[in-house]
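Colleague: My questions all concern the structure below.
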Amino acid sequence: MRLDVEVDERYWAHLPGEFPSDGYADRGAWERDVVARYLTVRPDADDATRAAAAGIAEAAVDGLLPSALFGLLFWPTRRPEAALLHVDLAPTLRPGDDPVRELLDGVPTALPPSVDPVEVPGVGSGVAVRFVLPAAPGETPVAGIGYVLSGPQGSVRIVSSPTSTTMVGMLDAPLRELVGTLRFVA
């Protein structure tokens, strides 16, 4: 079974869970492709910005959780700033399982998470969760966003790496659109 997703390449880059993969012989080819796509939006980028873009692509590959089926890199602006999301599969949730607990896996939050129910025809039902992580005194808080969806074919967990609250705000609507395209394919 395979999980398909449609990505709007203006904002998203699909990061394979392993290399070689469809379209990329190795991680370097993926990193170069992501930077080249970024430079089509920023052809005037100076050397420091180009280096920052290359660093984001490299950090995405290094930061993808080993359990992830694949990753999604969200790059919403002309600035070299992005958010990495990890996508993994698990067995169907059982009645009584707490999807928020499944998503956050015991990670403490600074505030109660914001939770909305979600239906995705190609996967199942679940929740969208936005959360703020505790910050040390004087540090800027970081946040995250994720989804847990479960249906007869299994469950899908999508969670961002910790990022800024601003990035979570920018990510919310495009991620909701992307999640709506998820579907299990036999």
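The values are calculated or read from the model by the stated rules, or taken from the named source; none is laboratory data. Quantities reported herein were computed from a predicted structural model and do not represent experimental measurements. Methodologically, a virtual Cβ is constructed for each residue, glycine included, from the backbone with ideal geometry; neighbour enumeration extends over all protein chains shown. Just so you know, the surface numbers come from the protein's heavy atoms only, side chains and all, with ligands and any DNA or RNA stripped out. Shrake-Rupley method; radii C 1.70, N 1.55, O 1.52, S 1.80 Å.
Colleague: How much of the accessible area of the chain, probe 1.4 Å, is carbon plus sulfur, in whole percent? Numbers along the way, then the final one.
Modeller: Details: 5300 of 9740 Å².
So the carbon and sulfur contribution to the accessible surface is 54 percent.
Colleague: How big is the gap, in Å, between the Cα center of the range 46-122 and the Cα center of the range 150-182?
Modeller: Distance between centres, Cα-based: 7 Å.
Colleague: Return the sequence-ordered ³J(HN,Hα) values of the range 24-33 in whole Hz as given by the Karplus equation 6.51 cos²θ - 1.76 cosθ + 1.60 applied to θ = phi - 60°, using x for Gly and Pro.
Modeller: Residue by residue, the range 24-33 yields 9, 5, 7, 5, x, 5, 5, 4, 4, 5 Hz.
Colleague: Starting from 0.36 nm per residue, how many nanometres of slack lie between Ala110 and Val7 once their C-alpha separation is accounted for?
Modeller: Values: separation 103, 0.36 × 103 = 37.08 nm, distance 3.13 nm.
Gain in length upon complete extension: 34.0 nm.
Colleague: Show me the three semi-axes of the equivalent ellipsoid for the range 125-186, from the C-alpha gyration tensor (sqrt of 5 times each eigenvalue), largest first, rounded to whole Å.
Modeller: Values: eigenvalues 151, 30, 11 Å².
Taking √(5λ) for each eigenvalue gives 28, 12, 7 Å, largest first.
Colleague: Which net charge results when you count Lys and Arg as +1 and Asp and Glu as -1 among the other residues whose beta-carbon is under 9 Å from that of Ala90? Let's see the in-between values first.
Modeller: Numbers: positive: Arg157; negative: Asp88, Glu102.
Charge balance in the 9 Å sphere: -1.
Colleague: Going by amide H atoms built from the backbone, whose H comes under 5 Å of the H on Gly17, apart from near neighbours?
Modeller: Gly71
Colleague: Quick one: Cα convex hull volume of the range 5-63, Å³ per residue?
Modeller: Working: hull volume 4.9 nm³, N = 59.
For the range 5-63, the hull spanned by Cα atoms encloses 83 Å³ per residue.
Colleague: Tell me, what HN-Hα J-couplings in whole Hz come from the Karplus equation 6.51 cos²θ - 1.76 cosθ + 1.60 at θ = phi - 60° for each residue of the range 46-52, using x for Gly and Pro?
Modeller: Values, residue by residue: 7, 4, 5, 5, 4, 5, 5 Hz.
Colleague: Here's another thing I want to ask about it. Could you pull out the GluC sites (Glu not before Pro) across the range 1-31 that fall in loop regions by DSSP (anything but H, G, I, E, B) with no more than 10 other Cβ atoms inside 10 Å? Spell out each step's value before the answer.
Modeller: Details: sites: Glu6, Glu9, Glu18, Glu31; in loops: Glu6, Glu9, Glu18.
Within the range 1-31, the qualifying GluC sites (Glu not before Pro) (loop, at most 10 other Cβ atoms within 10 Å) are Glu9.
Colleague: Of Gly71, Gly55, Gly151, which has the largest mean-square fluctuation in a 10 Å C-alpha GNM of the chain?
Modeller: Gly55
Colleague: Turning to a different aspect of this structure: Which whole-number value in Å² is the accessible area per residue of the chain, probe 1.4 Å?
Modeller: Working: 9740 Å² over 186 residues.
For the chain, the solvent-accessible area averages 52 Å² per residue.
Colleague: How large is log10 of I(q)/I(0) for the chain at q = 0.17, 0.18 Å⁻¹ when the intensity is taken from the Debye formula with one equal scatterer per alpha-carbon?
Modeller: For the chain at q = 0.17, 0.18 Å⁻¹, log10 I(q)/I(0) is -1.14, -1.25.
Colleague: What is the extension gain from Phe19 to Ala51, computed as 0.36 nm multiplied by their sequence separation minus the C-alpha to C-alpha distance, in nm to one decimal? Provide the component values of the computation, followed by the final result.
Modeller: On the way: separation 32, 0.36 × 32 = 11.52 nm, distance 2.29 nm.
Contour length minus the Cα-Cα distance gives 9.2 nm.
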